[in-house]
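Peer 1: Dropping a structure here in structure tokens format, bear with me for questions.
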Amino acid sequence: QKEVEQNSGPLSVPEGAIASLNCTYSDRGSQSFFWYRQYSGKSPELIMSIYSNGDKEDGRFTAQLNKASQYVSLLIRDSQPSDSATYLCAVSRNTGFQKLVFGTGTRLLVSP
Amino acid sequence: DTAVSQTPKYLVTQMGNDKSIKCEQNLGHDTMYWYKQDSKKFLKIMFSYNNKELIINETVPNRFSPKSPDKAHLNLHINSLELGDSAVYFCASTGTVNTGELFFGEGSRLTVL
């Protein structure tokens with residue numbers, strides 16, 4: 001079992017729709033959870049972080065965390081073609097120095 | 001102006017050769033990393049240095065040797081290159097422990113023929 005699992009996609013949504021990206025993790029000791037966006041041929045960039053159960057909203061993005069179910073999700077409202085990218089889920093145990101474990105990413109395609 | 005810069009961006013070489021990738025960050029960060037991203041986009045941590053000290057060393061073949069001459073630089077030397085080493089190697093840095101925000105370089109695409 002992989003430490004962080006994501007559906008590779010592609011997830012296709014029409015412009016203006018809500019895109020829902022999911023991630024599960026195996027390490028119950030994980031304390032910090034992140035979503036990175038990676039455009040094709042580019043480097044990953046952090047878009048959301050979440051540390052406690054519940055929802056965290058930032059603009060069109062909402063991260064959701066359920067530690068009991070070991071589940072993290074990212075909702076993108078009013079999806080735009082510019083949101084088309086691979087979204088990487090990452091988790092950390094927060095023990096000592098930061099060690100992020102990444103999932104393989106979900107490719108999102110937003111069609112005009 | 002580039003925060004985390006890597007050289008070279010592209011590297012094509014033959015099996016058995018030795019190559020190096022260099023990384024420099026001008027963010028004043030204390031911690032730097034090497035990540036490997038394979039063809040399936042899986043981003044896996046290889047090494048991490050904090051103030052020139054090795055703090056994370058994943059199960060990486062000892063053909064890979066990182067070196068940090070100072071906290072702004074982290075290099076990766078690879079001996080006896082193999083086909084499976086073909087990947088994009090990302091350097092990253094972070095300034096504050098436990099924030100999870102890694103600043104990545106543009107990546108170095110290594111192709112071993």
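Peer 1: Do you know which residues across region A:76-90 are crowded, with 18+ Cβ neighbours inside 10 Å and more than 9 Å from chain B (Cβ to nearest Cβ)? First the steps, then the outcome.
Peer 2: Going through region A:76-90, the residues crowded, with 18+ Cβ neighbours inside 10 Å turn out to be A:76, A:79, A:83-90.
Passing the criteria: A:ILE76, A:SER79, A:ASP83, A:SER84, A:ALA85, A:TYR87, A:CYS89.
Peer 1: Kindly check whether there is at least one residue in region A:53-72 that is free of Cβ contacts under 8 Å to residues at least 40 places away in the same chain, of a type in the set (Val, Ile, Thr), surrounded by 12 or more Cβ atoms within 10 Å (Cβ to Cβ) and outside any loop (DSSP other than H, G, I, E, B).
Peer 2: yes
Peer 1: Looking only at residues that are over 13 Å from B:LEU76 (Cβ atoms) and under 15 Å from the mean Cα position of the chain (by Cα) in region B:31-52, which one is farthest from the other protein chains (Cβ to nearest Cβ)? So that I can check it myself, show each step before the final result.
Peer 2: So in region B:31-52, the residues over 13 Å from B:LEU76 (Cβ atoms) come out as B:31, B:37-44, B:50-52.
From the residues that got through so far, the ones that are under 15 Å from the mean Cα position of the chain (by Cα) too are B:31, B:37-38, B:42-44, B:50, B:52.
On the way: B:THR31: 6, B:GLN37: 9, B:ASP38: 9, B:PHE42: 5, B:LEU43: 4, B:LYS44: 7, B:ASN50: 6, B:LYS52: 14 Å.
Result: B:LYS52.
Peer 1: Which one is modelled with the highest pLDDT among residues in region B:92-108 that are within 13 Å of the chain's Cα centre (by Cα) and more than 9 Å from every other protein chain (Cβ to nearest Cβ)?
Peer 2: By that ranking, first place goes to B:SER108.
Peer 1: I'm trying to understand the selection: among the residues of region A:69-91, which are of a type outside the set (A, V, I, L, M), within 12 Å of the chain's Cα centre (by Cα) and farther than 15 Å from A:ARG28 by Cα?
Peer 2: Within region A:69-91, A:SER73, A:THR86, A:TYR87, A:CYS89 meet the criteria.
Peer 1: Could you pull out the residue among B:LEU43, B:LEU76, B:LEU81 that is surrounded by 13 or more Cβ atoms within 10 Å (Cβ to Cβ) and within 21 Å of A:GLU3 (Cα to Cα)?
Peer 2: Of the residues listed, the single one that is surrounded by 13 or more Cβ atoms within 10 Å (Cβ to Cβ) and within 21 Å of A:GLU3 (Cα to Cα) is B:LEU43.
Peer 1: Go through A:ASN22, A:ASN94, A:ASN7 for me and flag whichever is under 13 Å from the mean Cα position of the chain (by Cα), surrounded by 14 or more Cβ atoms within 10 Å (Cβ to Cβ) and outside any strand (DSSP E or B).
Peer 2: One residue alone meets the criteria, A:ASN7.
Peer 1: Another question, then. Name the strands (runs of 3 or more DSSP E) wholly inside region B:1-97 in which the number of residues that are within 15 Å of B:ARG109 (Cβ to Cβ) is 1 or more.
Peer 2: Numbers: elements: B:4-7, B:10-13, B:19-25, B:31-37, B:43-50, B:53-57, B:64-70, B:73-78, B:87-94.
The strands (runs of 3 or more DSSP E) meeting that bar are B:4-7, B:10-13, B:19-25, B:31-37, B:43-50, B:73-78, B:87-94.
Peer 1: Tell me which of these B:SER20 doesn't satisfy, since it passes every other one: (1) within 12 Å of another protein chain (Cβ to nearest Cβ); (2) closer than 26 Å to A:SER40 by Cα; (3) polar (S, T, N, Q).
Peer 2: Failing condition for B:SER20: (1).
The values are calculated or read from the model by the stated rules, or taken from the named source; none is laboratory data. Since the model is a prediction, treat every value here as computed from it, not as a measurement. Backbone-built Cβ (ideal geometry, glycine too); neighbour counts: all protein chains shown.
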